[in-house]
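Enquirer: Quick one: structure below, then a few questions.
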Amino acid sequence: MADVFRVLAQIGTTITVLLVLAALLIWAERRLLGLWQDRLGPNRVGPFGILQSVADMIKIFFKEDWVPPFAEKPVFIFAPCVVVITMLMALAVVPFTPTLAIVDLNVGLLFFLAMSALAAYSTILAGWSSNNKYSLLGGMRSAAQMISYDVFMGLSLMGVVMLAGSFNLREIVLAQQGLWYIVPQFLGFLVFLVAGLAESHRLPFDLPEAEHEIIAGFHTEYSGMKFGLFFVGEYLGVLLIAAITVILFLGGWQGPWLPPFVWFVLKTALLVAFIILLRAALPRPRFDQLMSIGWKLMLPLALLNLMITGAVALAGGL
Amino acid sequence: MDQRIGIEQELLNRFEGEPLLSQKTADQIPTLWLPRDRLLDVLRFLKLEIEGPFLCLYDLFGIDERRRAHREGQPEADYALVYHLLSYDRNQDLRLKVALSEDDLGLPSITSLWPAAAWYECEAWDMFGIEFRGHPHLRRILTPPTWEGHPLRKDHPARATELPPFRLPSERQEKEQEALRFDPAYWGMARHGDNTDFMFLNLGPNHPSVHGVFRIILQLDGEEIVDCVPEIGFHHRAAEKMGERQSWHSFIPYTDRIDYLGGVMNNLPYVLAVEKLAGIQVPERVKCIRVMLSELFRIASHLVFYGTFSQDVGQLSPIFYMFIDREKLFGIIEAITGARMHPGWFRIGGVAQDLPRGWERMVREFIDYLPARLDQYEKMVMDNGLLKQRTVGIGTYSTAEAIEWGVTGPGLRATGLDWDWRKHRPYSGYENYDFEVCTAANGDCYDRCRVRVDEIRQSLRIIRQCLEHMPEGPYKADHPLTTPPPKERTMEDIETLIDHFLGVSWGPVIPPGEASVGVEATKGNNSYHLISDGDTVSYRTRIRTPSFAHLQMIPLISRGLMVSDLIAIIASIDFVMADVDR
């Protein structure tokens, strides 16, 4: 019984911490963008504006919970929940330190892939159920993007699995004690990062929302907390991609002097900042260009990486 | 004027025995009255048969002649229609007029000769009720489809207070809303293809990337644009009608708000046209100040373009950097004129004040500061691979197409035609400056941006010359029609005092006549055609804006592309809706 409570408490704490982190991330992104774009960003609520997300959260909670009359009501409400649930589920298998993880799953990596693929339903369903042409275009873009980028996201990770000989994320980290996988798996790292950005549809892969073209796309019709869920879901996605990248390629919690958790947070934060920097720097490719980058460049790269790793593994008898 | 005799003589030779009547105008542009039934023949001759053809339909507009007192030497007419043609080969304008009587307000449409006439003819129909036979879609274009009356007729009220109070009962609201519904059948668009259903997407009037209130209806096959219909008029503020109500002097601030990014650049063609009518020669210092301010505003406008262009293809940061530069620029403009975006600072016969003490330092600091920033933007935006992918080869048109559709300014130069009004028709002393006309080769989105970016540097060059060679002298012409007139002698003799009093209270009386002056504005050629009937207000103010012509061309260059490309095209055209709708 005590065990159950302990697990429940751990889940509760983790979820709270993650949600707070996602909210903090929104603030951090806005401040960083402000810094890089020669402006201030939110700096009024609390010290350095750190409570801005709290203020936004309070505001968004008190908004009218409105469903447009022409929308497909049950699906419309269900769609934003999907992204948050799948993202939180995927984060459950992430080992923050050798001991701190909700579950230590044998097939952790596969579980992560499955969950992040499921998250695509969120945007597709939202786009379809909104009954709005812009949303539909967004949903369609999202579907096409997810399908093509999911393929090589999985492939790009197989090299890591071969080297570590496990799907268990904790064991993958432990296998990197001598050498971080970013070195032998540099191609895989690149491909995974690109695919991860596409999965969390961040610029330059934010075509499903592309406010300059299809006006927020799949979530055009959303407001209030349902919109808030998409927002939180997106930032959880960024956290997830950064965390998984750290685990698979950057040696997870490992590092000298500092405690493991601090190392993990540091590495993740750096990656997150890099993702935000990309948003500040890059324009957005066109839809068909994105597809051709995916199929004509990324997929062959992932396959090449897989073949080289396989050949080396065979020759070296790993 | 040899050329004037040239083209008029050519026409008279070709159409011998026809009643072609020549009219004298203050701007020396050859002006001929044609009989209505020979209109198409003459235009066809001018466009297709003559050597050095007039390929560009520069402007087309109506005049309500019914209340005009001074019509010496002009044929009887209740309404007149003006066709302003332009030949780049000859560097020559030609104005053709057709007289119409009230009970037969119709004439053949020239859309078969110039597809670009479509919008202009709609506008003339909308504003004057002149019917164009054979026009494919003659409709209201600037006013809403439910509008009653034709606003630019002299008997149409100019103020809301002349109308009964506005009411919006629900049936009227429904009628207005229904009128906005898009009907594909009217435009001959199919709802279904061979094996696909088309989606009709209403982009605008409130869309983040249409730069104002511009509506464009897309016929989509997936994300591919099959066809589209641009709709304008949401920003119509009856500037031309206001021109007939405001005094010559008090209309100046209205011009600022036509191309609202161009600031005093808008004042320039207006005051130049008034000065032409009044016969005012302005001092050298005035010319130089005007050029400097105009070029500062060209930079401001191009910076906004540069930033929004990159933003519309998804690059979020450059616009912030460019707006910072623009703020610095506005600091200078504010120091000189007292206002930022809309100074309304040029005056008939001069400028409002002399330059303030210390202006040299501010201007010098800015022109020393900007080039390094431009180098950074070059790397950030123009050299960016993704941006090139999005814009190179997108929205391409040739020089011939550009001329045919009345494209002017950077959009024309991007096709490789070396043509700049500042070089080929120098005004306000531009002939004294050393600068290059920037051109590109392909006429695509990227090149349109390229030309504007290069122009910023040329503008800096011109400003530096202004700075180094600013002439001494008065900032106002010594002429009775200068407004407000020079005041020094008013307290010494009664005549000057009376002149001054009348000029300030009623405004100047400009001698009767017609003049049009075009300038190389930020977005293309902006010209004012003014008709004075010897009054304190203009009889007709025609504002020819570049963006109007540019928007009409969108369907031609966006068919077969994707929605994202359309956004890039819209961004590259660089328009503001006030400049389109006036």
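Throughout, read-outs are computed from the coordinates displayed, never taken from laboratory work. Just so we're clear, the structure is a prediction, and the values are computed from it rather than from any experiment. Quick reminder, even Gly has a Cβ in these numbers, built from the backbone with ideal geometry, and neighbours come from all protein chains shown.
Enquirer: Can you give the angle from 0 to 90° between the axis of helix A:73-92 and the longest principal axis of chain A, with both taken from C-alpha atoms, to the nearest 10?
Expert: Here the helix axis deviates by roughly 30 degrees.
Enquirer: Looking at segment A:1-46, which chymotrypsin sites (Phe, Trp or Tyr not before Pro) are DSSP coil and have at most 14 other C-beta atoms within 10 Å of their C-beta?
Expert: none
Enquirer: Follow-up. Compute the label zone of residue B:392 within segment B:435-451: residues whose backbone N is under 17 Å from the point 7 Å along Cα-to-Cβ.
Expert: B:440-451
Enquirer: So, one more: Does segment B:350-457 classify as rounded, prolate or oblate by the C-alpha gyration tensor (a ≥ b ≥ c root eigenvalues; a/c under 1.5 gives rounded; else a/b over b/c gives prolate, otherwise oblate)?
Expert: On the way: a/c = 3.04, a/b = 1.36, b/c = 2.24.
It comes out oblate by the Cα gyration axes.
Enquirer: Quick one: angle between helix A:2-36 and the longest Cα principal axis of chain A, in degrees between 0 and 90, rounded to 10, please.
Expert: Helix A:2-36 sits at roughly 70 degrees to that axis.
Enquirer: Residue B:133 versus residue A:7, label points 7 Å from Cα toward the beta carbon: distance in nm?
Expert: About 8.9 nm separates the two model spin labels.
Enquirer: Name the helices (complete DSSP H segments) of chain B with a Cα length along the long axis of 30 Å or more and a Kyte-Doolittle mean of at least 0.0, or state none.
Expert: Correct list, ordered by number: B:284-312.
Enquirer: Let me ask you something else. Size of the dipole of segment B:117-204 about the Cα centre, Lys and Arg at +1 and Asp and Glu at -1 on the beta carbon, nothing else charged, in debye to 20?
Expert: Computed about the Cα centre, the dipole is about 240 debye.
Enquirer: In terms of modelled amide H atoms, which long-range or inter-chain residues lie less than 5 Å from the amide H of residue B:414?
Expert: B:440
Enquirer: Run through segment B:443-516 and list the GluC sites (Glu not before Pro) located in a DSSP loop whose Cβ has at most 11 other Cβ atoms within 10 Å.
Expert: Loop-located and lightly packed - B:472, B:488, B:492.
Enquirer: List the relative contact order of segment B:442-582 as a percent without decimals, with contacts defined as Cα pairs under 8 Å and 6+ residues apart.
Expert: It comes to 17 percent, rounded to a whole number.
Enquirer: Right, next: Could you calculate the FRET efficiency of residue B:490 with residue B:160 from 1/(1 + (r/R0)^6), where r is the beta carbon distance between them and R0 is 30 Å, rounded to 0.05?
Expert: Plugging the Cβ-Cβ distance into 1/(1 + (r/R0)^6) gives 0.20.
Enquirer: Net charge near residue B:520: determine it from the other residues with C-beta under 9 Å of the C-beta of residue B:520, scoring Lys and Arg +1 and Asp and Glu -1.
Expert: Numbers: positive: B:298, B:422, B:423, B:425; negative: B:420.
Residues close to residue B:520 contribute a combined charge of +3.
Enquirer: Compute the distance in nm between two label points, each set 7 Å from the Cα along the Cα-to-Cβ direction, one at residue A:274 and one at residue B:334.
Expert: 4.2 nm
Enquirer: Work through the residues other than residue B:410 whose Cβ is under 15 Å from its Cβ and net out their charges, Lys, Arg +1 and Asp, Glu -1.
Expert: -3
Enquirer: Follow-up question, since we're still on this one. Report the calculated FRET efficiency for residue B:175 and residue A:312 (r = Cβ-Cβ distance, R0 = 51 Å), to the nearest 0.05. Can you show the working numbers first?
Expert: Details: r = 75 Å, r/R0 = 1.46.
FRET efficiency, residue B:175 to residue A:312: 0.10.
Enquirer: Same structure, new question: Please give the contour-minus-distance gain from residue A:72 to residue A:48: 0.36 nm per residue of separation, less the Cα-Cα distance, rounded to one decimal in nm.
Expert: 4.5 nm
Enquirer: Take the Cβ-Cβ distance between residue A:262 and residue B:113 as r, set R0 to 60 Å, and report the resulting FRET efficiency rounded to the nearest 0.05. It would help to have the intermediate numbers written out before the result.
Expert: Working: r = 76 Å, r/R0 = 1.27.
Between residue A:262 and residue B:113 the formula returns 0.20.
Enquirer: Full-extension gain between residue B:327 and residue B:102, please, as 0.36 nm times their residue separation minus the C-alpha to C-alpha distance.
Expert: 75.8 nm
Enquirer: If I take every Cα pair under 8 Å that is 6 or more residues apart in segment B:239-581, average their sequence separation and divide by the length, what percent do I get for the relative contact order?
Expert: 27 percent
Enquirer: Taking the Cα centre of segment A:2-316 as origin, work out the dipole magnitude from +1 charges on Lys and Arg Cβ and -1 charges on Asp and Glu Cβ, in debye rounded to 20.
Expert: Magnitude of the dipole: close to 400 debye.
Enquirer: I'd like the orientation of helix A:224-249 relative to chain A: the angle between its Cα long axis and the longest Cα principal axis, in ° from 0 to 90, rounded to 10.
Expert: Orientation of helix A:224-249: about 10 degrees from the principal axis.
Enquirer: What is the spin-label model distance, in nm, from residue B:146 to residue A:61 if the labels are put 7 Å beyond Cα along the C-beta direction?
Expert: The answer from the label model is 4.4 nm.
Enquirer: Could you work out how far the C-alpha centroid of segment A:241-318 sits from that of segment B:370-393, in angstrom?
Expert: 28 Å
Enquirer: So which trypsin sites (Lys or Arg not before Pro) in segment B:450-530 are both in a DSSP loop and have at most 16 other Cβ atoms within 10 Å of their Cβ?
Expert: For trypsin sites (Lys or Arg not before Pro) across segment B:450-530 that sit outside H, G, I, E and B with at most 16 neighbouring Cβ atoms in 10 Å, the list reads B:487, B:489.
Enquirer: State to the nearest 20 debye the size of the charge dipole of segment A:154-237 about its Cα centre, where the only charges are +1 on K and R beta carbons and -1 on D and E beta carbons.
Expert: About 380 debye.
Enquirer: Under 8 Å for C-alpha pairs, at least 6 residues apart: give me the relative contact order for chain B, rounded to a whole percent.
Expert: Value for chain B: 17 percent.
Enquirer: Using each residue's phi in segment B:239-253, evaluate 6.51 cos²θ - 1.76 cosθ + 1.60 at θ = phi - 60° and report the 3J(HN,Hα) Karplus result to the nearest Hz, with x for Gly and Pro.
Expert: Here the 3J(HN,Hα) series is 4, 5, 5, 4, x, 8, 10, 7, 5, 3, 6, 7, 7, 3, x Hz.
Enquirer: Using the Cα centre of the protein assembly as shown as origin and beta-carbon charges of +1 (Lys, Arg) and -1 (Asp, Glu), tell me which of B:57, B:338, B:352 is placed farthest towards the positive end of the dipole.
Expert: Of the options given, the answer is B:338.
Enquirer: When a footprinting reagent is the concern and you count Cβ atoms within 10 Å, what order do A:124, B:569 take, fewest first?
Expert: Working: A:124 20, B:569 23.
Least to most surrounded, the residues fall as A:124, B:569.
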